[in-house]
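Asks: Below are the structure tokens for one structure; questions will follow.
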Amino acid sequence: MSDQQVDSGKRTWLIASSCAGVVGGAAVAVPFVSTFQPSERARAAGAAVEVDISGLKEGEKLTVEWRGKPVWIVRRTKAQLEALPKLDGQLADPKSERKPSELTPEYARNEWRSIKPEFLVTVGICTHLGCSPSDKFVPGPQPSLPSDWAGGFLCPCHGSTFDMAGRVFKNKPAPDNLEIPPHMYLSDTRLIIGEDKKA
């Protein structure tokens, strides 16, 4: 057997064992690294959700899941914001005074029910029987809506209507405004849902 054959055999063996080591290391590292991510159970139990809102245009809605619930992030138009104060007389709880600690954090107890007027962050579940309302952002007369409709949400199950701040109109089955989840902005384009204090 020549020295060249031995070196070739050793080289093949070294390459094969090195590749096996790399594959084995990756197999161990991937599950280890994944332990730093919130588990499905943790997400369902309420782990915070970080959201990039940089691509959200005026008049659009983005839906994310938090605690197994849909959370809507709506970028309201200037016209939608200007319409909000004019609706107070038609609303059941215009100042979000009912169940404030449960449904509306202190920083969202304002005309817009939000930290930044432009962005509404709300749980997309009707406070009546837990249905999910539909977007009815276009103003004007439409089926199941009043002729002076200014835009908002309609729960098709029992007819509850909510304005563009998630405030419920009077004499509707839903007893309360839509819930505002705890949230805060990490930057102009990123927010976190499920936390409202910096550690």
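The values are calculated or read from the model by the stated rules, or taken from the named source; none is laboratory data. Owing to the predicted nature of the structure, the values given are computational and were not obtained by experimental measurement. Methodologically, a virtual Cβ is constructed for each residue, glycine included, from the backbone with ideal geometry; neighbour enumeration extends over all protein chains shown.
Asks: Please specify each residue of the range 127-158 satisfying the condition of being surrounded by fewer than 16 Cβ atoms within 10 Å (Cβ to Cβ), closer than 22 Å to Lys69 by Cβ and among the small types (Gly, Ala, Ser).
Replies: If the condition is that a residue be surrounded by fewer than 16 Cβ atoms within 10 Å (Cβ to Cβ), closer than 22 Å to Lys69 by Cβ and among the small types (Gly, Ala, Ser), then Gly130, Ser134 are the ones that fit.
Asks: Consider the range 163-184. How many of its residues are of a type in the set (Val, Ile, Thr) and under 14 Å from the mean Cα position of the chain (by Cα)?
Replies: 1
Asks: Scan the strands (runs of 3 or more DSSP E) fully inside the range 98-199 and keep the ones with 1 or more residues being more than 24 Å from Val51 (Cα to Cα) and assigned by TED's automatic domain parsing to the domain that holds Val51.
Replies: Numbers: elements: 119-123, 134-136, 152-154, 161-163, 183-185, 190-193.
In the range 98-199, the matching strands (runs of 3 or more DSSP E) lie at 152-154, 161-163.
Asks: Taking interchain pairs and intrachain pairs at least six residues apart, which have beta carbon atoms under 9 angstrom, with the first residue in the range 52-64 and more than 17 Å from Gly152 (Cα to Cα) and of a type in the set (Ser, Thr, Tyr) and the second at pLDDT 95 or above and assigned to a strand (DSSP E or B)?
Replies: These pairs meet every condition: Ser54/Arg190.
Asks: Right, something else. Return yes when Phe119 is surrounded by 16 or more Cβ atoms within 10 Å (Cβ to Cβ), under 24 Å from Asp196 (Cβ atoms) and touching a Pro at 6+ places or on another chain (Cβ under 6 Å) and no when it is not.
Replies: No: the conditions fail for Phe119.
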